[in-house]
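Throughout, read-outs are computed from the coordinates displayed, never taken from laboratory work. Just so we're clear, the structure is a prediction, and the values are computed from it rather than from any experiment. Positions of Cβ are backbone-derived with ideal geometry, glycine not excepted, and every protein chain shown enters the neighbour counts.
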Amino acid sequence: MSIRWKHVRVVAVWLAGAVATVAVVPLLGQFFVSLADEQGWYAHPSARVHAVLSALTAITASPWFHWLGGATIGFAGGVWLDAIARKRDIQPDLEVTFDPTNPGGRFVYSVKFRDDVHLSLSMVGNPPLEDLAYTVYCCRVTNRTNRTLRQVNARIFPRGENLSFVFSSKTSCDLHPGASDYVKVWTVYHTSPIGEDGGAKHTRDIVISGLNATRALKGIEFNLSETPALKLLD
């Protein structure tokens, strides 16, 4: 298990604060007790309590208190609601897109079995299968911020199952401001033994996140009987 220095620093600060509190608080407490005793604050305590309560009663009975109290509560409530509304309206740091025109062949492309390192090992001696291909569908993920987003990764959730996919054969990547990368979201094998029913409609959720990025959630719908086969859902 790796230990982050950031966490070590936080623990060290908290420990130093705890030690300082244990060492200083008793001294300050004794000082203020002695000061109060010297000033005679402990003399006639019931009378002093009565005086404080009378002053508080006079303040709360003033019409100004009600107006100022209502304005303060209303202002605090407005700030709180505004913060919630802003949080809901914040655009995610990462944008997920799919271009059906497939510029540069980056969104949809085909790979022959013989060019796939993993599949080619099982296809040795079977030329008919070596010449077959499978199709990969990708989405583009773009950094919309003016800072570098670290360890951006994608996860696909098909029908409640947590399956992890990778960015361009990497488990994660760093995206500089305005930079993009492509994530595989669907693969269609054109052989019946390992193929998936392309005529049916399949819905998935893609979650893009990073160490210093707000999470982006996008739904995708795949149906080979439609054009384009892959669509992004709101």
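Per-residue extension of 0.36 nm, minus the Cα-Cα distance of residue 215 and residue 233, leaves a gain of 4.8 nm for this segment.
Taking 0.36 nm per residue of separation and subtracting the current Cα-Cα distance, fully stretching the chain between residue 36 and residue 187 would add 46.6 nm. Taking the Cβ-Cβ separation of residue 8 and residue 144 as r and a Förster radius of 35 Å, what is the calculated FRET efficiency to the nearest 0.05? Efficiency, rounded to the nearest 0.05: 0.60. Output the direction-averaged projected area (hull surface divided by four) of the convex hull of the alpha-carbon atoms of the stretch 5-89, in nm². For the stretch 5-89, the mean projected area of the Cα convex hull comes to 10.9 nm².
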